[in-house]
1. Answer with yes or no whether F202 is touching a strand residue (DSSP E or B) at 6+ places or on another chain (Cβ under 9 Å) and crowded, with 16+ Cβ neighbours inside 10 Å.
2. Only one of these is of a type in the set (F, W, Y) and either farther than 22 Å from I147 by Cβ or assigned to a loop (DSSP other than H, G, I, E, B) (or both): Y168, Y185, Y238. Name it.
3. Of everything in segment 39-56, what is assigned to a helix (DSSP H, G or I), open to solvent by 50 Å² or more (accessible area, probe 1.4 Å) and not aliphatic (A, V, I, L, M)? Give them in sequence order.
4. Could we say that K190 is in a helix (DSSP H, G or I), at pLDDT 90 or above and of a type in the set (D, E, K, R) here?
5. Given the conditions (1) at pLDDT below 90; (2) open to solvent by 50 Å² or more (accessible area, probe 1.4 Å); (3) in a helix (DSSP H, G or I), report the number of the one that N158 does not fulfil.
6. Of the residues T221, T240, which is farther than 30 Å from L119 by Cα and in contact with a Phe, Trp or Tyr (Cβ under 6 Å, 6 or more places away or on another chain)?
7. So, H208, is that one open to solvent by 50 Å² or more (accessible area, probe 1.4 Å), out of contact with any Gly (no Cβ under 9 Å at 6 or more places or on another chain) and part of a strand (DSSP E or B) or not?
8. Within segment 119-139, which residues are buried (at least 17 other Cβ atoms within 10 Å of the Cβ) and either aliphatic (A, V, I, L, M) or in contact (Cβ under 8 Å) with a residue 40 or more places away in the chain (or both)?
Amino acid sequence: MNLYKNFVFKQDSNNFMNQLPTVDKILKTIPLITLLILICSLVKNYIYYEYFGININEFISLSEFSLLFISEIKLYLIFIISLIIFLPFIFLKNFAQKNFGEKIFSFSLTKSFSIIFILVFPLRILRTIFTENDLLIIIEKCQQDLIFLFVTILLVINNDIKVIRKLYLFFCTISLIIFSITKAYVDIEKIKRNLPNYEVEFNYENYHVKTEKDYIYVGKTHEYIFIFNNSKKQTEIYKTGEIKNLKIKKTEVNRGYK
């Protein structure tokens with residue numbers, strides 16, 4: 001009898017290992033992930049630069065499109081790392097339920113509590129939207145609650161591992177799209193509050209240009225630098241080929257969002 005149990009356990013272990021993503025499967029998803037990141041980056045940059053009256057497509061070469069995501073590399077790395085970290089827990093949950101009973105990690109004894117717990121996050125998001133006045137704080141809190149909502153759903157539901165894996169990838173995709181869009185509005189709001197990420201200084205023709213209050217660095221491409229004149233509500237565009245002595249300094253952004 002023990003021999004039979006060991007055989008079944010070993011067989012389930014093999015099935016569990018077979019369900020883990022192989023190198024080939026991971027490699028097949030890389031083009032899709034790359035395309036998703038590129039699309040999200042394009043959307044984010046379009047929304048961001050459009051606010052300042054810039055059609056970014058007119059100022060960027062085709063070779064630069066594939067590098068747009070670099071400025072947001074931290075955001076995308078968070079999702080990639082979370083994908084690698086969280087997926088094993090999904091497989092382990094499925095493996096434990098098959099070998100030690102479906103009640104393991106099933107939350108079946110607290111189903112009502114789990115449903116209520118899931119509903120807490122949408123309510124928290126609504127409360128934040130209607131009670132908080134600061135846009136940056138609203139976005140930050142709603143992003144956190146959205147992540148907790150998705151993770152809680154994945155931990156509570158009981159379904160086939162393939163379904164859970166697809167659902168997790170769907171949540172990651174939706175989150176990445178939402179966070180890319182909200183990141184554009186966060187960056188816009190920071191510029192409006194004179195909280196840029198960088199300061200620049202350079203010589204252009206016979207002028208010395210330096211960013212300061214109400215004269216804010218917005219961004220750059222390979223051939224152009226964009227500076228927003230907040231007092232005149234207009235964006236000035238400089239060709240990098242005619243710029244001399246360019247200096248770029250990273251600023252310390254105030255996390256208080258004042």
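1. Working: touching a strand residue (DSSP E or B) at 6+ places or on another chain (Cβ under 9 Å): yes; crowded, with 16+ Cβ neighbours inside 10 Å: yes.
In short, yes.
2. Details: Y168 fails: either farther than 22 Å from I147 by Cβ or assigned to a loop (DSSP other than H, G, I, E, B) (or both); Y185 fails: either farther than 22 Å from I147 by Cβ or assigned to a loop (DSSP other than H, G, I, E, B) (or both).
Checking each option against the conditions leaves just Y238.
3. Of everything in segment 39-56, those that are assigned to a helix (DSSP H, G or I), open to solvent by 50 Å² or more (accessible area, probe 1.4 Å) and not aliphatic (A, V, I, L, M) turn out to be Y46, E50, Y51.
4. Numbers: in a helix (DSSP H, G or I): yes; at pLDDT 90 or above: yes; of a type in the set (D, E, K, R): yes.
In short, yes.
5. Of the numbered conditions (1) at pLDDT below 90; (2) open to solvent by 50 Å² or more (accessible area, probe 1.4 Å); (3) in a helix (DSSP H, G or I), the odd one out for N158 is (3).
6. T221
7. Yes, satisfied.
8. Those that are buried (at least 17 other Cβ atoms within 10 Å of the Cβ) and either aliphatic (A, V, I, L, M) or in contact (Cβ under 8 Å) with a residue 40 or more places away in the chain (or both): I125, L136, I138, I139.
The values are calculated or read from the model by the stated rules, or taken from the named source; none is laboratory data. Keep in mind the model is a prediction, meaning the values are calculated, not measured. Note that each Cβ is placed from the backbone with ideal geometry, even for glycine, and that neighbours are counted across all protein chains shown. Heads up: the accessible areas ignore ligands, DNA and RNA and are worked out on the full protein's heavy atoms, side chains in. Shrake-Rupley method; radii C 1.70, N 1.55, O 1.52, S 1.80 Å.
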